[in-house]
Amino acid sequence: MAKTKHDAIAEKLAKKFGTEYKRDKGIDIVIKDKVIEVETKKNSISQGIDQVQTSSKARYIAVNKINVKNALNATEGTGIGVMSETGSIVKKAGRKR
């Protein structure tokens with residue numbers, strides 16, 4: 001079966017951060033100091049925000065290029081950061097919970 005865009009991005013980010021992509025459970029990528037949820041569709045960004053909301057680590061939503069602006073709007077005032085599909089930080093995660 002072909003990889004979805006979501007899986008491809010998640011695997012690339014997991015490799016970059018030296019961890020595993022948790023395909024079947026919870027937050028996609030968990031590392032020592034941050035959590036990353038990958039979203040590739042505009043209508044699933046809010047679900048990604050809900051997924052990382054309660055983490056005590058730095059929280060990020062990683063999105064493909066066409067959804068960066070949508071993710072920035074959706075995360076405004078939440079303390080959740082936005083990351084590009086390559087792992088570049090577009091908006092740094094804050095402390096607001």
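The values are calculated or read from the model by the stated rules, or taken from the named source; none is laboratory data. Being a predicted model, the structure only gives us computed values, none of them experimental. In this analysis, Cβ positions are derived from the backbone assuming ideal geometry, glycine residues included, and neighbour counts consider all displayed protein chains. Note: areas computed on protein heavy atoms with side chains; ligands, DNA, RNA excluded. Shrake-Rupley method; radii C 1.70, N 1.55, O 1.52, S 1.80 Å.
Put simply, the convex hull of the Cα atoms in the chain casts, on average, a shadow of 5.8 nm². Taking label positions 7 Å along the Cα-Cβ direction at both Asp33 and Gln47, the computed distance is 3.1 nm, reported to one decimal.
Cross-linked pairs Lys25/Lys92; Lys3/Lys34; Lys69/Lys92; Lys3/Lys32: Cα-Cα separations exceed 19 Å for Lys25/Lys92; Lys3/Lys34; Lys3/Lys32.
In Å², what does the accessible area per residue of the chain work out to with a 1.4 Å probe?
Numbers: 5890 Å² over 97 residues.
Counting only protein heavy atoms, the per-residue value for the chain is 61 Å².
Our helix-only sum for the chain, with -39,500 (n - 2.57) per DSSP H run of n ≥ 4 divided by its residues, gives a mean residue ellipticity at 222 nm of -8500 deg cm²/dmol. Under the simplified labelling scheme, the Lys25-Ala8 pair shows an inter-label distance of 2.9 nm, with each label point 7 Å from Cα along Cα→Cβ.
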